[in-house]
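First the structure, in the form of structure tokens, and then the observations on it.
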Amino acid sequence: MQLPLRIDPAAGKSLQLQITEQIRLLILDGRLVAGARMPASRQLAQDLDVSRNTIMAAFGRLIAEGFLVAREPTGTFVAERVAPEGPALLPLVDARPSAAAEQRRRRRLKFRGEAHEVVAPHGHELEFDFWVGRPDARLFPLRHWQALLMRKLRTGARHLCEYGDPQGVLALREAISAHVGATRGIAADPARIVITNGIQEGLNLLAWLLIAPGVEVVVEDPCYRGAAHVFAGHGATLRPVAVDQDGIDCAALPAAALAYVTPSHQYPLGVTQSLARREALLAWAAAAGAYVVEDDYDCDFFYDGAPLPALKSLDRNGQVIYLGTFSKSLGAGLRIGYMVLPAELCEPARKAKALLNNCQPWLEQAALAAFITEGGYAEHLRRLRQLYAARRNHLCAAVTHGLPEWRCSGEGGGMHLVVQLPARGPDAQAVEQLARAHGVGVYGISHGNARLWNVGGDAALERVLLLGYAALSETEVSEALLRLRQAVGTGVVSEG
């Protein structure tokens, strides 16, 4: 460690005193934290171009004052019981901006967006949480993943010290190309794939490329809040279009530059867009000269037969932008997603990615490429589908038995159920509070990371709950539903 000390031989103070005072100040204002190891006296003397005796004398004085402790033979450390006095002990320039200058500075903030929830707001307080889109961490293939990481470190550790291709590791792009070809029917050239920091970064890259203030963007109503906020944050004018049992209502699509859709398992309502609607959406895009963004966020989980091919698989005009992710199948902490782009967007996206963060971390990409190509990913998905299907079935049965007036839908795929509450009784917001008082997390549309424009226009949507079941075992589902039944039976809404 090198310390930011400044020695002035003409300061009128001894070198020892200058060093002592500056180290003391670093400790008092919390810049050198308790337990921090000090640099070796020989190294510090070399850095400051002073004698080692000067450094040892300064250390000795600070030890006597209780700021440092010597632990032979390991070294010298900052004492544990020094109470920081806070910053601002260093001399500051006495220059205060005028009120007008302060206003000018604040007006320079360009960003006007809103954040969305990626972590359950009360999850740490709850014993059973039906937060949507969260895989079961207990099912992560930890040993296999550790072995892949170690193998890649042994054979390619030099990549940790180098910048990579902004589009992503070629082996991973090739593996993704093969995977989406087989499972989603997409003929994806690896040269048209860009690896991203989850779908969220993909949305931001697209907004950077395609959205300017006033550009009109079609979104589903209701839709994923994270997408709506990205587009709005870049100045887009959002045009919500209602969703029914066949997906977005293509007959109601306005003229726009972009449409954002979740056709395989609509978020949040869980419906699957029909083939006729998909063809109509592509026809609209061709007539409007628009792009369609297909967010296939949980496409690996279909339980009752083969899924429809992705919308991108039907695209013959290069107008669909496909977004995929490993956040739902492996874990959001890996931060690996991908885009399959039309040809004309590949190079702009590559440049934008390079400006944003140069590239994704190499190690996780390399391990994931091997996991896919060697068959580990397919086996992992097979196991997850079996377990998640069983949990879904158990949850549906528990709701039917314990809360028979509640109606489940959206169960054909994905990782969450949609529950329609009865017309009588508490609405979704009230059930959220009742459940939370009993240690259970359930979520209405507005609190489930979704955006609803038609508030007040469709009372039924105010009585919809989202129940993510992937992270709960069947035993946990049973206990959670028992508590939920008790909670609704009490009818007493808690404060906060």
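All of the numbers you see were taken from the coordinates with simple rules; none came from a lab. Remember, it's a predicted structure, so these values are computed and weren't measured experimentally. Please note: Cβ atoms are built from the backbone with ideal geometry, for glycine as well, and neighbour counts cover all protein chains shown.
Packing, as the average of other Cβ atoms within 10 Å across residues, places the peptides 47-60, 152-165, 326-339 in the order 326-339, 47-60, 152-165, highest first. Against the longest alpha carbon principal axis of the chain, how many degrees, from 0 to 90 and to the nearest 10, is the axis of helix 198-210 turned? Around 90 degrees separate the two axes. Taking the charge dipole of the chain about its Cα centre, with +1 at Lys and Arg Cβ atoms and -1 at Asp and Glu Cβ atoms, the residue from Leu482, Pro307, Gly376 reaching farthest to the positive side is Gly376. Charges were assigned to the Cβ only: +1 to each Lys and Arg, -1 to each Asp and Glu. The resulting dipole of the chain about its Cα centre is roughly 1360 debye.
Annotation: peptides 377-384, 110-117, 315-322, ranked by per-residue average of other Cβ atoms within 10 Å with the highest first, follow the order 315-322, 377-384, 110-117. Taking a straight line from the alpha carbon of Lys328, these aspartates and glutamates sit under 15 Å away, with near neighbours fewer than eight places off in the same chain left out: Asp136, Asp295, Asp296, Asp298, Asp300.
Sequence-ordered 3J(HN,Hα) estimates for the range 341-358 from the Karplus curve with 6.51, -1.76 and 1.60 and θ = phi - 60° stand at 10, x, 4, 6, 9, 5, 5, x, 5, 4, 5, 5, 4, 5, 6, 6, 8, 6 Hz, glycine and proline given as x.
Can you work out the FRET efficiency for the pair Ala255 and Leu387, with r the C-beta to C-beta distance and R0 = 56 Å, to the nearest 0.05?
My answer for the efficiency is 0.80.
A Förster radius of 22 Å combined with the Cβ-Cβ distance from Thr237 to Tyr163 puts the calculated FRET efficiency at roughly 0.05.
Segment Arg407..Leu5, full-extension length gain: 137.9 nm, with 0.36 nm per residue of separation and the alpha-carbon distance subtracted. Using only Cα atoms, tell me the angle between helix 275-288 and the longest principal axis of the chain; keep it within 0 to 90° and round to the nearest 10. Computed tilt is about 70 degrees. Each distinct pair of alpha carbons in the range 341-444 adds a 1/r term; the inverse of their mean, the Kirkwood radius, is 18.2 Å.
Would you kindly calculate the translational diffusion coefficient of the range 140-376, applying Stokes-Einstein with the Kirkwood radius from alpha carbon pairs, for 10 °C and a viscosity of 1.306 mPa s, and quote it in µm² s⁻¹ without decimals? Value of D from the Cα-based Kirkwood radius: 87 µm²/s.
Normalised by the number of residues in the range 1-95, the mean separation of alpha-carbon contacts (under 8 Å, six or more apart) gives a relative contact order of 34 percent. Remark on Arg239: its backbone amide H falls under 5 Å from those of Val217, Val218, Val219, a criterion applied only to residues 5 or more positions apart or on other chains, H modelled at 1.01 Å from N. Using the Cβ-Cβ distance between Arg96 and Glu347 with R0 = 51 Å, the FRET efficiency computed as 1/(1 + (r/R0)^6) comes to roughly 0.60. The residue among Ala280, Tyr291, Leu387 whose Cα reaches farthest toward the positive pole of the charge dipole of the chain, with charges on the beta-carbon of Lys, Arg, Asp and Glu, is Tyr291. The antiparallel fraction among DSSP beta bridges confined to the range 140-376 stands at about 35%. Based on the reciprocal of the average 1/r between different C-alpha atoms, the Kirkwood radius for the range 1-95 equals 13.8 Å. Under 5 Å between amide hydrogens, built in the peptide plane, is the criterion, and for Ile321 it picks out Val292, Val293, Glu294 among residues at least 5 positions away or on other chains. Note that the range 102-113 has calculated 3J(HN,Hα) couplings of 4, 5, 4, 4, 5, 6, 6, 5, 7, 5, 10, x Hz, one per residue in order, obtained from phi through the Karplus relation 6.51 cos²θ - 1.76 cosθ + 1.60 (θ = phi - 60°); glycine and proline are x.
The structure shown yields percent of Cα pairs over 28 Å apart, and of the options (1) 63; (2) 51; (3) 56 that calculated value carries the label (1). Computed from backbone phi with θ = phi - 60° and the Karplus coefficients 6.51, -1.76 and 1.60, the 3J(HN,Hα) list for the range 161-166 is 9, 10, 6, x, 5, x Hz; x is used for glycine and proline. Projecting the Cα positions of Leu25, Ala171, Gly202 onto the charge dipole of the chain (unit charges on Cβ atoms of Lys, Arg, Asp and Glu, taken about the Cα centre) puts Leu25 furthest along the positive direction. Peptides 137-147, 276-286, 245-255 ranked from most to least packed give 276-286, 245-255, 137-147, packing being the mean of other C-beta atoms within 10 angstrom over each peptide's residues. Between helix 52-64 and the chain, what is the angle of the helix's C-alpha long axis to the longest principal axis, kept within 0 to 90° and rounded to the nearest 10? So the helix axis and the longest Cα principal axis differ by about 70 degrees.
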